[in-house]
Amino acid sequence: TTAGTFPDDPWLDACRAIIHIDSALFAAVANGFERLDFVAPSLDLYVALHDTAPEQEYMQVDTYGIAAQYGCVSGRAQIWSSDRRLLATGIQQMLCRSFHFDR
């Protein structure tokens, strides 16, 4: 098999999309800020699986920051196969907490 694929296990193959959505959304939201002086652990994560592509090692991840207010930030993502099939969509809300270092 190709490294990073799981053609014999549909659950592990689905987890590839879930991990990408969970880890990429903080970066999408953080990209909109001038300073990165906060952390944002996940409060909830919703993922809808639409298709599979266990034969493909690489997937494209499109992420978008949606909102940042009242102590929460959120984003949405789409996972695409290299042959342009939508594999999964997801949305995440994160708890935003600033940190400041006093010198």
Subject >> Segment HIS50-SER82, extension gain: residue separation times 0.36 nm, minus the distance between their alpha carbons >> reply: 10.0 nm
Original post:
Counting only protein heavy atoms, what percent of the accessible surface of the chain is carbon or sulfur at a 1.4 Å probe?
Top reply: 54
**OP:** Quick one: dipole size for the chain, taken about the Cα centre, charges +1 on Lys/Arg Cβ and -1 on Asp/Glu Cβ, in debye to the nearest 20.
**Re:** 420
Original post:
Pairing the Cα long axis of helix 10-30 with the longest principal axis of the chain, what angle in degrees results, from 0 to 90 and rounded to the nearest 10?
Top reply: 30
Original post:
What accessible area per residue, rounded to a whole number of Å², is obtained for the stretch 1-92 using a probe radius of 1.4 Å?
Top reply: 63
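The values are calculated or read from the model by the stated rules, or taken from the named source; none is laboratory data. Every value quoted in this text rests on a predicted model; they were computed, and no experiment measured them. Positions of Cβ are backbone-derived with ideal geometry, glycine not excepted, and every protein chain shown enters the neighbour counts. Each accessible area value is taken on the protein alone, full model and side chains, heavy atoms only, with ligands, DNA and RNA left out. Shrake-Rupley method; radii C 1.70, N 1.55, O 1.52, S 1.80 Å.
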